[in-house]
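Working notes, beginning with the structure itself.
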């Protein structure tokens, strides 16, 4: 049993580090995790689900705005990108945030092509992140079910 | 405004009225020169007097005028009548001309009178002498007549004949010098003619022809004659018309009678014939004419040579040549006959004198007229006096005129200057006003700019942008500081700066100032230290802001101009410095101090950093006096006065001030030289402001400086003693009291620096022993030398080591390590903590320190009590607490800060909101969220219970 836990813990640690190393996450996520304590056990999951809901909604908005043939309301797109940027930096979704910065620049430059490309990338990226995080939570659950403790991961 | 203006009449009018009236007199009195002369004289005297007064008044005007420089409408009498000045000059010239003329006339008249008097006296004298001579001659003739009467008629026969008579008369001729000769003619009536002729043997002849006389009633033939006139014998005197008349008149009157003048036969001189009657018998008293005629016996006659008579006479008298004399017979007044004198010789016709002559003949009248031969010359004194007077008068007039013109000009210039001065002052005021206004106007927008920059810096900026913005902010702050200085300067100039009086803590102010410059001084590697004497009260009353400003300015200058060495700020009572420092003369780079420099060069100086300082006052010799005097004197000595006079000195070892520039250091906008501002920046206004401020604080500011050695500025300021008053707001950094009663050893070879350290430690309540060598300190601490602490204290809390002392002591590291390890092993004894003081420290030094056991702490200079306190706190007591909170104590403090606080978080982004809320909740805060500005505003309606509100600055609809 202990061996299983240890293995799972090892796996979890490696996975988390890989997430950081691949640039999916940054320090903000660590901070977020620190805020989770006994008073709010599902804080991180809660926040993340809010984030992904946001992503869906905002990306939909942007796609609709960019689908408009003829006149594209870049300011509306920009506002959504800004929101997304804020959300992603709050949760520590590093890649999404980076994309949003580029996206916003295209928006401000009224670059339709760039915007569309970025939108697609953001869509891909947040879905990838969702998958990864889902995997991580699954691992955590397994550890807890195995009677172990989710280890603190020191990124540095 | 001045006397002459108020009373213009006394001087102004008098001369003119005098002139007019005297002119009037002059006109009316022309006929009598005597009178007019007098008036002229009186007038000239009065004029002179009036003019004198006038000139005096002029001078007084002038003086008054000079006194009353400030008066704007200072037009004087002269000023008002400037147009009359040339007319006045002309009038004055005319007046002087008149006076000169008057004087000339007066002098001329005087000389004429004198001349006349001389003439009169001369003439009268001549007339009298002539008369006398004449009468003497007449008397002789009279005597001759009596002789003839006596010896010819009363003797019978006659005692006289022609021979006797001729002989006698010739011999007595000297008595009758004027008579050419005398002859006697007997009265012969026609009846007796024949008998007479026969008796004498000649016939009576007429005078004209010499023929025998025709028959007449009566004859007067000459019977006796002097030899000189012997040709007259036998001639009938009555045959001549004039002679006959003479004879008749003579016998009627019984006196000598004269003919009118005629040319004498012999000499052709003008002459007269004198006839004297001879009576036969003595006449009764008061005889009638008939009786006389009847008694007449004959006639004695003689010819008077008047011409020679007068000539003789004049020859006898002095001054003969000067006058011309004429003698006239004026019996017939309408046709005066000349008796003497050349008619052609007129002489000076303007002046003559008549003298009456009485030759004893009642029928004939004579007069003498005298004239000067030459015209009266103009006297020399007149010739000199009058032109001289005229010239002087003209000169005086011209001088007065010149003076008046000059006064007018000076006054004009004066008014012009005054006006210019007023304008210049106005311009100066306007300049200050303009400067103040402009500065103020610049300050307002600048504050806006700075605020905006500060806000801009708070936003998300790229590093380049941030750099630009920060630069802009720094520049803006510099500009604001400059403007404030200019405003200060203008305020001080306008006298509008007022000092406030609030209690403040000098030491904390100095600490603040120190902390301001700590960064810069540390970068430069300068020791920056402050020392406040114990005598200085904790809290004084005064203008802390201005006090701070002065010190910041001075210290700022020192930091600016110092590249190595130290800056040492020292505060003590002014009374103390008198005791300690007056023995040393302060020389600004003089020769004497050069000698001192040369003498003491090899050894290190007893100053804070070991560098030489310009003023010896802060060196250890006098400083220890100051420190020791603190312990000796009781503070009660100074308690009597309610004021406390502080002396602050700021010593640096910078570039110093060139000797040539030392004089103008405190002048506004002056720096040592223009290259200074290029090298170091600054406007040079700071010192002048400091000087003004110090003077406002009833103090003085001065300095001692030696080029390339350093400067020491010092100033005094008077503050109110404020023992009882406490600070309203607690000092920001209250010194921790946890160190009270602790003991420490300070290891420092430099006594001044050690004293400074001790001062700071003392403020923390730590008693300090100073040791000069680290080795002794270490051995003391490790107890190898038994119990060597001077005070016998066993408890030692810390050893504070100056970096220089540590570096210079070789091979000490091992001993320190040993000591540390030994004491660590000994549980019972508390380890003395080691701390290192350093101004700046290199990494290698730091590593070495760590290895040597100074791991505990390195206290960076400049020393401040609060900083030492904080560091020591870390070292001594809070080590455990630090371990509990590796990131420092901030989370704990945050928690205590936020617990129970109600906070509103506004963000449209749900994720953000959630994170923020979570974070805040973690620290115990109660969080309320709002997703938009409107909702937030609704929640924030007053009254609300929120302690804080965090808001996203960029939100749709309504941002932060």
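The values are calculated or read from the model by the stated rules, or taken from the named source; none is laboratory data. Please read these numbers as outputs of a predicted model, since none were measured by experiment. Glycine gets a Cβ as well: all are built from the backbone with ideal geometry, and neighbour counts include every protein chain shown.
Okay, here's what the table says:
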read-out: Members of the stretch A:59-80 that are away from chain B (no Cβ under 13 Å), outside any loop (DSSP other than H, G, I, E, B), touching a helix residue (DSSP H, G or I) at 6+ places or on another chain (Cβ under 8 Å) and more than 16 Å from residue A:129 (Cα to Cα); value: A:62, A:63, A:65, A:66, A:74, A:77
read-out: The stretch A:37-47, residues that are more than 8 Å from chain B (Cβ to nearest Cβ) and surrounded by 17 or more Cβ atoms within 10 Å (Cβ to Cβ); value: A:44
read-out: All positions within the stretch B:665-690 that are within 32 Å of the chain's Cα centre (by Cα) and modelled with pLDDT of 75 or more; value: B:665, B:666, B:688
read-out: Matching residues in the stretch A:81-95 - criterion: being free of Cβ contacts under 8 Å to residues at least 60 places away in the same chain and more than 10 Å from every other protein chain (Cβ to nearest Cβ); value: A:81
read-out: Test: residue in the stretch B:159-171 that is surrounded by 15 or more Cβ atoms within 10 Å (Cβ to Cβ), in contact with a strand residue (DSSP E or B) (Cβ under 9 Å, 6 or more places away or on another chain) and under 30 Å from residue B:357 (Cα atoms); value: yes
read-out: Filter pass, residue A:56 being on the phi < 0 side of the Ramachandran plot, part of a helix (DSSP H, G or I) and either within 12 Å of another protein chain (Cβ to nearest Cβ) or modelled with pLDDT under 85 (or both); value: no
read-out: Filter result (more than 20 Å from the chain's Cα centre (by Cα) and surrounded by 15 or more Cβ atoms within 10 Å (Cβ to Cβ)) within the stretch A:137-149; value: A:142, A:143, A:146, A:148
read-out: Criterion (assigned to a helix (DSSP H, G or I), surrounded by 13 or more Cβ atoms within 10 Å (Cβ to Cβ) and without any contact (Cβ under 8 Å) to a residue 24 or more places away in the chain) met by exactly one of B:151, B:134, B:174; value: B:151
read-out: Helices (runs of 4 or more DSSP H) wholly inside the stretch B:873-960 containing at least 3 residues that are away from chain A (no Cβ under 14 Å) and modelled with pLDDT of 75 or more; value: B:933-939
read-out: Among the residues listed as B:443, B:423, the single one being in a helix (DSSP H, G or I) and modelled with pLDDT of 90 or more; value: B:423
read-out: Members of the stretch B:719-739 found to be at pLDDT 65 or above and more than 60 Å from the chain's Cα centre (by Cα), listed by number; value: B:739
read-out: So residue A:72, is it modelled with pLDDT of 85 or more and surrounded by 15 or more Cβ atoms within 10 Å (Cβ to Cβ); value: no
read-out: Condition met for residue B:340 (under 21 Å from residue B:264 (Cα atoms), modelled with pLDDT of 80 or more and either touching a helix residue (DSSP H, G or I) at 6+ places or on another chain (Cβ under 9 Å) or surrounded by 18 or more Cβ atoms within 10 Å (Cβ to Cβ) (or both)); value: no
read-out: Residue in the stretch B:315-330 that is closer than 21 Å to residue B:149 by Cα, touching a strand residue (DSSP E or B) at 6+ places or on another chain (Cβ under 8 Å) and outside any strand (DSSP E or B) present; value: no
read-out: Evaluation of residue B:183 against (1) at pLDDT below 85; (2) touching a helix residue (DSSP H, G or I) at 6+ places or on another chain (Cβ under 8 Å) (one fails), failing number; value: (1)
read-out: Residue that is nearest to the chain's Cα centre (by Cα) [pool: residues in the stretch A:7-32 that are assigned to a helix (DSSP H, G or I), within 14 Å of chain B (Cβ to nearest Cβ) and buried (at least 17 other Cβ atoms within 10 Å of the Cβ)]; value: A:29
read-out: Set B:169, B:93: member being assigned to a helix (DSSP H, G or I) and over 30 Å from residue B:380 (Cβ atoms); value: B:169
read-out: Every residue from the stretch B:186-228 that is on the phi > 0 side of the Ramachandran plot and at pLDDT 80 or above; value: B:201
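Table: residues versus (1) surrounded by 15 or more Cβ atoms within 10 Å (Cβ to Cβ); (2) touching a residue at least 60 places away in the same chain (Cβ under 8 Å); (3) in contact with a strand residue (DSSP E or B) (Cβ under 6 Å, 6 or more places away or on another chain).
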site	(1), (2), (3)
B:368	yes, yes, yes
B:383	no, no, no
B:391	no, no, no
B:398	no, yes, no
B:407	yes, yes, no
B:413	no, no, no
B:417	no, no, no
